[in-house]
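The values are calculated or read from the model by the stated rules, or taken from the named source; none is laboratory data. For clarity, every value in this text was computed on a predicted model and none was experimentally measured. Cβ placement follows ideal geometry from the backbone for every residue including glycine, while neighbour counts extend to all protein chains displayed. Just the protein is used for accessible areas: all its heavy atoms, side chains included, with ligands, DNA and RNA removed. Shrake-Rupley method; radii C 1.70, N 1.55, O 1.52, S 1.80 Å.
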Amino acid sequence: MQRASTLGELKRGGYQFLTVREEMRRNLLAKLATSERILSGIIGFDDTVVPEIENAILAGHHMVFLGERGQAKSRIIRALTSLLDPEVPVVRGCAINDDPLRPICKQCRRLTEEHGDALPISWIGPEHRYGEKLATPDVSIADLIGEIDPVKVAEGRYLADEETIHYGIVPRTNRGIFAVNELPDLTEKVQVGLFNLMEEKDVQIKGYKIRLPLDIVIVASANPEDYTSRGRIITPLKDRFDVQIRTHYPRSTADEIAIMEQELPPMDRFDRVLGVPQFMKEIVAQLTFEARACNEINQASGVSVRVTINNYESLISNAEKRAVRLGEREIVPRIADLHALAASTAGKIELEYSGEEKTGEELIERLLNRAVLKVFDKWLKADLLKDVIEYFEKGWGVEVSDMMKAEEYLDGVKAIPGLREGIRILGGVESPGFIAAATEFILEGLHLHQKLNKDREGGRFTYRA
Ligand SMILES: [Zn+2]
């Protein structure tokens with residue numbers, strides 16, 4: 001289909017004016033009718049957040065998403081652009097994406113009069129119909145709404161003339177979706193400006209009021225504690241958001257794992273093959289779950305899914321380093337790599353002040369032990385490993401480190417009765433890397449069950465009875 005390049009062609013093609021709300025509603029209805037998933041890539045909200053978003057869009061409601069950090073709020077908001085049309089026509093050169101059938105800016109109204117059906121048209125996609133701003137106290141009316149352009153005034157235009165305005169990000173997102181992240185951090189003055197735009201359909205810049213009936217879906221996000229505390233949001237603006245949608249962290253470690261796998265950026269591993277044992281993935285996810293349940297961590301700000309994602313990356317990096325240094329083809333993370341998680345966890349959790357000086361490191365280690373123990377109990381029972389324990393009781397010890405070759409673990413499997421069976425339950429005895437990972441997991445599990453002692457010497461650990 002040939003796209004229209006003038007207003008006349010557009011009219012002849014049967015183009016109909018739709019507001020952005022009507023457009024999103026129509027596209028959502030089409031997806032619902034064919035059971036097509038909306039918001040692809042958003043995991044764990046199918047039964048909670050997604051149905052509420054669908055209702056809000058069908059009703060044309062303004063939405064505010066409330067949730068702690070790292071609950072994919074920004075991602076959900078960005079994914080709403082998938083409900084916009086692939087392309088829409090705009091008056092060519094318009095700063096605020098005017099619809100050719102109903103231009104609202106003075107320049108476009110003038111051009112329409114001058115050119116009539118010859119008015120030039122451009123087409124824009126969803127990426128040009130989305131704007132977002134992280135609210136901070138520094139965000140000004142000029143940033144969001146606009147300011148008087150002194151050059152245009154110098155050219156002889158009057159201050160109250162809308163053609164002297166340099167538009168801010170909200171008018172530039174006209175006919176699209178505008179997101180304000182962390183809404184309570186906007187100053188009261190800017191909140192008033194935003195309210196006028198949403199409610200009164202006019203913009204006020206430096207005392208001048210200009211009517212500008214923008215067509216925008218405004219979506220906000222906020223931390224629930226900030227949003228509900230008195231005085232952080234001016235009441236009329238709060239009233240303007242028709243629905244509050246509460247986000248949450250993944251309800252299951254399976255969802256947490258699905259997210260961390262989805263977010264792992266594809267990387268060139270050269271000739272090496274990455275294979276992360278399922279139990280190691282579960283430990284990474286479980287660590288975050290432990291942190292979210294820990295009263296020594298500030299839960300009002302939360303423990304982001306990014307902790308899980310970054311921990312997964314750190315774990316893999318530590319294992320990759322070993323593979324490179326030892327000339328191994330397999331990259332298989334194991335227990336000895338878990339120390340790498342401290343650095344990617346520490347900066348993302350806020351410790352509760354308890355009167356005594358505590359280091360995050362000690363806490364992370366405790367949480368990590370809990371996570372390993374829980375995952376171990378899910379897979380294995382200490383009783384199943386009686387033969388392994390007996391072997392150690394005869395006085396033998398086993399040394400492991402994150403720089404030991406995977407092949408060195410194979411001797412252990414031959415020497416230690418019962419170890420092979422344990423490894424098989426965890427997934428198989430084919431790959432040396434997996435055997436090394438499973439061996440360390442079994443020894444660590446027995447240690448955490450107080451069946452084995454563990455001594456540390458630098459980066460080396462020795463397990464003995
Ligand atoms: Zn315009």
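Proximity of backbone amide H atoms, modeled 1.01 Å from N, is registered between TRP123 and VAL90 at under 5 Å, excluding neighbours fewer than 5 places apart on the same chain. Judged by the gyration tensor of its Cα atoms, with axes a ≥ b ≥ c, the range 148-260 is prolate; a/c meets the 1.5 cut and a/b is the larger of a/b and b/c. Ignoring lysines fewer than eight residues from LYS394 along the same chain, the ones with Cα atoms less than 23 angstrom from its Cα are LYS381, LYS386, LYS414, LYS451, LYS454.
Among rounded, prolate and oblate, which fits the range 89-221 when a ≥ b ≥ c are the square roots of the eigenvalues of its C-alpha gyration tensor, a/c under 1.5 means rounded, and a/b larger than b/c means prolate? Before the final figure, lay out each step's value.
Values: a/c = 2.20, a/b = 1.33, b/c = 1.65.
Oblate.
Close amide H pairs (under 5 Å, H built 1.01 Å from N) link ILE331 with VAL273, LEU274, GLY275, residues at least 5 positions away or on another chain. Shown in residue order for the range 28-45 are the 3J(HN,Hα) couplings computed by the Karplus curve 6.51 cos²θ - 1.76 cosθ + 1.60 at θ = phi - 60°: 5, 4, 5, 5, 4, 5, 10, 6, 6, 5, 9, 6, 5, x, 9, 9, x, 10 Hz (x for Gly and Pro).
Sum up the charges of everything whose Cβ sits under 12 Å from the Cβ of LYS209, counting Lys and Arg as +1 and Asp and Glu as -1, but leave LYS209 out.
0
With r as the distance between the Cβ atoms of LYS394 and SER252 and R0 = 35 Å, compute the FRET efficiency 1/(1 + (r/R0)^6) and round to 0.05. Write down the numbers at each step before the final one.
On the way: r = 41 Å, r/R0 = 1.19.
E between SER252 and LYS394, to the nearest 0.05, is 0.25.
Take every DSSP beta bridge whose two residues both sit in the chain; close to 50 percent of them are antiparallel. Taking amide H atoms as placed 1.01 Å from N in the peptide plane, the amide H of VAL219 lies under 5 Å from those of PHE178, ALA179, VAL180, each 5 or more residues away in sequence or on another chain. Taking only protein heavy atoms and a 1.4 Å probe, the accessible area of the range 293-384 is 50% carbon and sulfur.
The residues of the chain expose on average 48 square angstrom of accessible surface per residue, using a 1.4 Å probe on protein heavy atoms. Per-residue 3J(HN,Hα) values for the range 193-210, derived from phi via the Karplus relation 6.51 cos²θ - 1.76 cosθ + 1.60 with θ = phi - 60°, read x, 5, 5, 4, 5, 6, 9, 8, 6, 9, 10, 10, 10, 6, x, 8, 10, 10 Hz in sequence order (x marks Gly and Pro).
Using only alpha carbon pairs under 8 Å that are at least six residues apart, calculate the relative contact order of the range 279-438 and give it in whole percent. Provide the component values of the computation, followed by the final result.
On the way: 164 pairs, mean separation 42.8, N = 160.
Worked out over the range 279-438, it gives 27 percent.
For VAL20, the shell of other residues with beta-carbons less than 12 Å away shows a net charge of 0, using +1 for Lys and Arg and -1 for Asp and Glu.
Straight-line reach only, C-alpha to C-alpha below 18 angstrom: list the lysines that LYS189 could link to, leaving out same-chain residues fewer than 8 apart. Within the straight-line cut-off, LYS189 pairs with LYS133, LYS201, LYS206, LYS209, LYS238. Excluding same-chain neighbours fewer than eight residues apart, the lysines reachable from LYS11 by a Cα-Cα span under 23 Å are LYS106.
Within the full protein context, the accessible area of GLU155 is estimated at about 130 Å² for a probe radius of 1.4 Å.
Rounded to the nearest whole Hz, the Karplus-based 3J(HN,Hα) values (6.51 cos²θ - 1.76 cosθ + 1.60, θ = phi - 60°) of the range 399-408 follow the sequence 9, 9, 7, 7, 10, 8, 5, 4, 5, 5, with x at glycine and proline. Rounded to the nearest 500, the helix-only mean residue ellipticity at 222 nm of the chain stands at -12000 deg cm²/dmol, with each DSSP H run of n ≥ 4 adding -39,500 (n - 2.57).
The dipole here belongs to the range 339-402: it is taken about the Cα centre, uses +1 on the Cβ of Lys and Arg and -1 on the Cβ of Asp and Glu, and is about 340 debye.
How high is the relative contact order of the chain, in percent, with contacts defined as C-alpha pairs under 8 Å that are six or more residues apart?
On the way: 720 pairs, mean separation 64.0, N = 465.
It rounds to 14 percent for the chain.
Relative protection proxy for 207-213, 104-110, from highest mean packing down: 104-110, 207-213 (other beta-carbon atoms within 10 angstrom).
Rounded to the nearest 20 debye, what is the charge dipole size of the chain about its Cα centre when +1 sits on each Lys and Arg Cβ and -1 on each Asp and Glu Cβ?
Values: 62 positive and 74 negative charges, 139 e Å.
Its charge dipole is roughly 660 debye.
Can you bin the range 124-176 into rounded, prolate or oblate? Criterion: square roots of the alpha carbon gyration tensor eigenvalues sorted a ≥ b ≥ c, rounded for a/c under 1.5, prolate for a/b above b/c, oblate for the rest. Here the range 124-176 falls in the oblate category.
Using the Cβ-Cβ distance between VAL273 and LEU351 with R0 set to 30 Å, the FRET efficiency from 1/(1 + (r/R0)^6) comes to roughly 0.20.
For the range 209-259, give the magnitude of the charge dipole about the Cα centre (Cβ charges: +1 Lys/Arg, -1 Asp/Glu; no others), in debye to the nearest 20. Each step should come with its number before you reach the end.
Working: 8 positive and 7 negative charges, 76 e Å.
Result for the range 209-259 is approximately 360 debye, rounded to the nearest 20.
Near ARG157, once Lys and Arg are set to +1 and Asp and Glu to -1 for all other residues with Cβ below 12 Å from its Cβ, the sum equals -3. Distance from the C-alpha centroid of the range 232-278 to that of the range 350-414: 28 Å, rounded to the whole angstrom. Only protein atoms count toward the accessible area here, which uses a 1.4 Å probe; on the range 43-131, the carbon and sulfur part of that area reaches 49 percent. Here the Debye sum runs over all C-alpha atoms of the chain as equal scatterers in vacuum, and log10 of I(q)/I(0) at q = 0.06, 0.12, 0.13 Å⁻¹ comes out as -0.41, -1.03, -1.13.
With a cut-off of 8 Å between alpha carbons and a minimum separation of six or more residues, what is the relative contact order of the range 49-185 in percent? Numbers along the way, then the final one.
On the way: 157 pairs, mean separation 34.8, N = 137.
Relative contact order here is 25 percent.
From most to least packed by mean Cβ count within 10 Å, the peptides 3-15, 90-102 give 90-102, 3-15.
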